Structure formats: structure tokens, C-alpha cells
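The values are calculated or read from the model by the stated rules, or taken from the named source; none is laboratory data. Only a predicted model underlies this, so the values are computations on that prediction, with no experimental measurement involved. Neighbour counts run over all protein chains shown; Cβ positions are idealised from the backbone, glycine included.
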Amino acid sequence: MWAAALAGSLAAGVAIATSELIAGLIPGAPSLVIAMGSVAIALQPPGAKDVMTSLFGTNDKAALNVLVIAAVIVIAAGAGVAAGRRFRAGAVLFVLFGVVAALAAVAQPLVAPVPAVATAAVAVGAGLVSLHLLLGLAPRAPLPAAPAAAVAALPTEPEWNPAWESPEWTRRRFLIASATTLGGVVVAGSLGRLLLDTQHPEGVVSTTKLPAALMPVAALTADEVLQAPGLTPLVIANDQFYRIDTALEVPQVDISSWSLQVKGMVDHPLTFSYDDLLAMPLYEQYVTIACVSNPVGGDLVGNTLWTGVRLKDILAKAGVGQGATQIVGRSVDGFTVGFPTSWATAPEREPLIAVGMNRLPLPANHGFPARLIVPGLYGYVSATKWLSSIELTTREAVDGYWVPLGWAKDGPILTQSRIDFPTSGQQLTSGSIQIDGVAWAPDRGVSGVEVSLDDGAWQSATIGRPISNATWVQWLLTWTATTGRHSIEVRATDDTGVVQTSQVTDPAPDGAHGHHRIFVNVS
Ligand SMILES: Nc1nc2c(c(=O)[nH]1)N[C@H]1C(S)=C(S)[C@@H](COP(=O)(O)O)O[C@H]1N2
Ligand SMILES: [Mo]
């Protein structure tokens, strides 16, 4: 029984490794593991939203892969046991699983049906062949041995009966075969995934040099950029910028066939190629974007220089129809956002169809070739990466990806502040200590940051001059630390005079409220 279960799990391993290898070797062939992981993300029940959102960090995506593989291997152990009794019963389970995997792959917007079905079929085939071979070698419940007397009495050698084979040897041979299979599975599977990952680079994939912006931003000045130990840089480098999305493998957009459609309730539906966009006037703007799932004190927020076409210019060309109250952004991978048309057209902010980040083409993991950047809104309702269309519709007609999963339909970024230095629990020596951090309230702007030590009176921190209302600010406060355990708490006030609320809440459904507070030990 244990042997049949092991044979089943190993055979599933062979199937998975085969599919990963095919996916790595043949462009267009999907990884079935990734397909099933993506379906798991999409099918998450609304109640699971907190758990699952935490899966979207880059490390947690690795965890999701492991989870999928583990689930398949456990189910396959059962199929192995079934096959040990009647091969056909186990085989049916394998085929059923192949069908599920193929359906998961076909459901991916970027996967064509033929390679999906073919990959699943070959993988299941390889799994079944290994299952058959391994079960053939598996030790069985011992048959009654031939009675020694009977053997001696026979005049000629009896025909070889496998039941006489030493059980030791049978078992050892099975274990050797299993270990060899396992080795092969690990090598082939890792090689496949390695090749697949090289097909999906996360960094800059374009060699295009962005045309100069029509109105380049001025260089940052010393009163804008603060420097202190542990302080987050005012402008985050591209490879340091937080990344959040539902894509288990970064979509690679082929620029020659990519286009951006502007459609729906517009006077003139339009299509733009990448070159069309680059030929339009390009604008630069520092904008701080944030993730709604960022907890108090978290780092899913960043400020950088975006280059792009003004969304307003595109809307003016297309002509926004009467009653078009919502702008829906769609990604090549099927992800969607929606925000009010009035938010985008208001004179106080300048949403962009961004093509550049820190004057380089967007890195693949930040949405190459183009993405939306809408000042003041959380990414999940606005910042569509790998943008494929912009649709004008009504607020009622469409809900973006995260709305049915329990997140708020409206996603203005809440006023927040964070302590970068010292860090929670840090051991410090008494004397003068520079406390520092960042504070943001896009696109109302930050007017002040205050710090309370040990629940004492709020003291004003020094803040960098805001680049604009759409960006965060850095802040500093010098503290003469005395021995003992201390609490440090921070709050920001936005430019409309509203002070950040103190009560800490979970991120769901509309962003984490509350003050960041840490404790340190001074000796
Ligand atoms: N296509 C696509 N775009 C997306 C997402 C996504 O899952 N898919 N996630 C959004 C969310 S929730 C956030 S917070 C921002 C993050 O952008 P970044 O990864 O460049 O920081 O992208 C947004 N754009
Ligand atoms: Mo997000």
C-alpha cells in the first residue's frame, strides 16, 4: 500500500516535471503548475481575501507553486493506491487530473488552447507510463512461498515464480527505482522552471530609448531630498520598487503585435501602437502609488518618476460619451480596474498612461509596455500594468478584478505615515537618535508629520518639501533617548488639514487605517 502510494506520487512528479520541461523548452506551452495556481488565486472566496492578498508578494508566489505541487502529489498518492488495486481506476484519476490542469491552462488569457491540451496530454502520458513501471516493481503482499519439500521433490527446475524472489531485494529494487525517478523529477522540473523563468524576465526587456519628455521635471533640490540612516529614498529605484500583481509569471508583451484600444462610450474608438504612444507628447511626473493591502508600517508603497502620455489627451482624442461615468483598464492578462471618469478628468490631477519609470522603459514586472498611473488611487482600482484597453462605461456596468472579492469599489489612498528608523524592537544606545520615515496622502499632499514618544505630546517632525501633492515626503525628528523601553508613534496631516486616524485596522476592504507605532530598547 505504501509502495503504491509512493508510486502514485512519483508518477505525478514525473507528470509535473514533464509539463514544466515542455513549458521551459517550447515557448507558448504553459506551465500547468502556474495555470492551477492562477486559477486558485482567481477562485479565492471573498473571505480568504486577506490570506490570499499576502500571497501576491514575489516570495509568496513561490509558496503558491509549492502548495499546488504538494496538493497534486497528495492526491496522486491516492490515485497510486487505487491503481495498485486496479490499474485502470488509478489511470482514470490521472486523466481526470490532466483534464483539470488543461482546463486551468486554457482559462489563462495568455495561453492558447492547443499547446495547453497538448502539454497536459503528454504530461499525463508520462505520468501513466511511470505509474505502470513503478507499480510493476512495487513489492506486493507476500504470496505463499513454494513449499520447500515440493521443490525438492520436483524432478526438474520449476518455472521461476516471482513470489520466491527475496522480499528484501524486491523492496530494495523498488526503492532504487523510486529514488532514481525522484532525482529525474527534481532535475527535469527545476530545469524546466529555470528555462521558463528566463523566458519571463522581470526587469527591463526593451532596448527602446524613450523620447525626451515635452516638459522634463526639474532636478530635485536639497530641501526636497532628506538623508538619514535607514531612511527610505525619496525616489525608489526601479529594481527596488514594490511589486504586486496576480501574475504568477510576468506577462511578456510582444511590442510588434501589442496595441492599446480606447473603446466603449466614446465618439471615436481608437487604437494606439507603442510607437503611436511614444510619438505623442510625453510628460513626466513623480507619483507615489500604494497597495490597498499594505498594512500599517508596511512597504507596499513607493514613489518614482513616471513618464507617459496624459490620459486626458487620449480621452480628448476619443471624445468621452455622455454618461460615461467609469474608466475601465484591462490588462493583457485579463486583470481589470475601474475608477470614476470624474477622478481622471478633474483639473487637479494628471493621470498618465505611463511608458517609463525613472526615464527607462517600464520593466516587465511593472507593466511594460504601458500602464495606468492615476494619482491618489490605490493600485487595485487604477494602476493597470500590461495595459491593453481603456473602456469608457458606467460605474454600474463593470466591477474591477478585486471588487467582487470584497475590496471597496472606490479606492482613494488613505493618509499614512511610517517609521523607517529605528526599526521595531531595535536595541539602541542612549543619546541623540535621528528618528525618520516617510508619510503620504496622494493626491491631497502631506502638510505635516508629528511624533509622539511614550504617548507624550505630539512633536512636529521636519519634513522634506513635497515634490507635489501626488508624492510622499520624508521626515526626521531628533530624539535624546534615555535608557529603557520606549514607544514611538507617528501621524501625518494631509493638505486639507485632516489628521490621520489613530485606530489601526486591517487593510480590507479599503486600506489600513491607523498610526504606525514601534517599541525600542535603549541601553
Ligand atoms: N495587470 C495587472 N495590473 C496591476 C495589478 C495586477 O494584478 N495585474 N495589480 C495592481 C495593484 S493591486 C497594485 S498595488 C499595483 C502595483 O504596481 P507595481 O507592481 O508596479 O508596484 O499594480 C496594479 N496593477
Ligand atoms: Mo495593490
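Here is a yes/no grid of residues against (1) small (G, A, S); (2) within 11 Å of ligand 1 (Cβ to nearest atom):
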residue: C291; (1), (2): no, yes
residue: A316; (1), (2): yes, no
residue: G321; (1), (2): yes, no
residue: P361; (1), (2): no, no
How about segment 474-487: which of its residues are within 18 Å of V438 (Cβ to Cβ) and assigned to a loop (DSSP other than H, G, I, E, B)?
-> none
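Here is a check on your reading of the model: is V292 more than 17 Å from P351 (Cα to Cα), under 28 Å from the mean Cα position of the chain (by Cα) and within 16 Å of ligand 2 (Cβ to nearest atom)?
Working: more than 17 Å from P351 (Cα to Cα): yes; under 28 Å from the mean Cα position of the chain (by Cα): yes; within 16 Å of ligand 2 (Cβ to nearest atom): yes.
Yes.
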Inspect segment 455-465 for any residue being buried (at least 20 other Cβ atoms within 10 Å of the Cβ), within 19 Å of Y242 (Cβ to Cβ) and of a type outside the set (D, E) and give the result as yes or no.
-> no
With respect to the numbered conditions (1) in a loop (DSSP other than H, G, I, E, B); (2) at pLDDT 65 or above, which one is the sole condition not fulfilled by P155?
-> (2)
Out of curiosity, is V355 more than 13 Å from ligand 1 (Cβ to nearest atom), on the phi < 0 side of the Ramachandran plot and in contact with a Gly (Cβ under 6 Å, 6 or more places away or on another chain)?
-> yes
Pick from segment 365-374, criterion under 16 Å from the mean Cα position of the chain (by Cα) and either part of a loop (DSSP other than H, G, I, E, B) or on the phi > 0 side of the Ramachandran plot (or both), ranking: nearest to ligand 2 (Cβ to nearest atom) = G367
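Quick one: in segment 402-420, which of the residues that are in contact with a Gly (Cβ under 7 Å, 6 or more places away or on another chain) and more than 18 Å from P340 (Cα to Cα) is surrounded by the fewest Cβ atoms within 10 Å (Cβ to Cβ)?
Step one: list which residues in segment 402-420 are in contact with a Gly (Cβ under 7 Å, 6 or more places away or on another chain), which gives 412-414, 417-420.
Still in the list and also more than 18 Å from P340 (Cα to Cα): 417-420.
Details: S417: 27, R418: 22, I419: 24, D420: 19.
By that ranking, first place goes to D420.
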Odd one out for S432, checked against (1) within 16 Å of ligand 1 (Cβ to nearest atom); (2) of a type in the set (G, A, S); (3) without any contact (Cβ under 8 Å) to a residue 60 or more places away in the chain | (1)
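Select, from V520, V490, V504, the only residue that is of a type in the set (A, V, I, L, M, F, W, C) and part of a loop (DSSP other than H, G, I, E, B).
Numbers: V520 fails: part of a loop (DSSP other than H, G, I, E, B); V490 fails: part of a loop (DSSP other than H, G, I, E, B).
Every option except V504 fails the conditions.
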Given (1) more than 16 Å from ligand 2 (Cβ to nearest atom); (2) surrounded by 15 or more Cβ atoms within 10 Å (Cβ to Cβ); (3) aliphatic (A, V, I, L, M), A222 misses just (2)
Condition test on T471, is it part of a strand (DSSP E or B) and closer than 29 Å to A219 by Cβ?
-> no
Does segment 303-322 contain at least one residue that is touching a Lys or Arg at 6+ places or on another chain (Cβ under 9 Å) and within 16 Å of ligand 2 (Cβ to nearest atom)?
-> no
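If you check T423, T496, T482, which single one turns out to be under 30 Å from T394 (Cβ atoms), at pLDDT 95 or above and surrounded by fewer than 24 Cβ atoms within 10 Å (Cβ to Cβ)?
On the way: T423 fails: under 30 Å from T394 (Cβ atoms); T482 fails: under 30 Å from T394 (Cβ atoms).
It is T496.
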Looking at (1) under 23 Å from L305 (Cα atoms); (2) in contact with a strand residue (DSSP E or B) (Cβ under 7 Å, 6 or more places away or on another chain), can you tell me which one N469 breaks?
-> (2)
When residues of segment 376-401 are filtered for being near ligand 1 (Cβ under 8 Å from one of its atoms), surrounded by 21 or more Cβ atoms within 10 Å (Cβ to Cβ) and either on the phi > 0 side of the Ramachandran plot or of a type in the set (F, W, Y) (or both), how many remain?
-> 3
Residues being surrounded by fewer than 21 Cβ atoms within 10 Å (Cβ to Cβ) and part of a loop (DSSP other than H, G, I, E, B) - total across segment 252-267 = 9
Any chance you could count how many residues in segment 418-437 are more than 17 Å from Y378 (Cβ to Cβ) and either under 28 Å from the mean Cα position of the chain (by Cα) or of a type in the set (S, T, Y) (or both)?
-> 9
Selection from segment 215-269 of residues basic (K, R) and at pLDDT 95 or above yields K263
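Can we say V51 is under 16 Å from the mean Cα position of the chain (by Cα), crowded, with 19+ Cβ neighbours inside 10 Å and modelled with pLDDT under 95?
Details: under 16 Å from the mean Cα position of the chain (by Cα): yes; crowded, with 19+ Cβ neighbours inside 10 Å: no; modelled with pLDDT under 95: yes.
So V51 does not fit the description; no.
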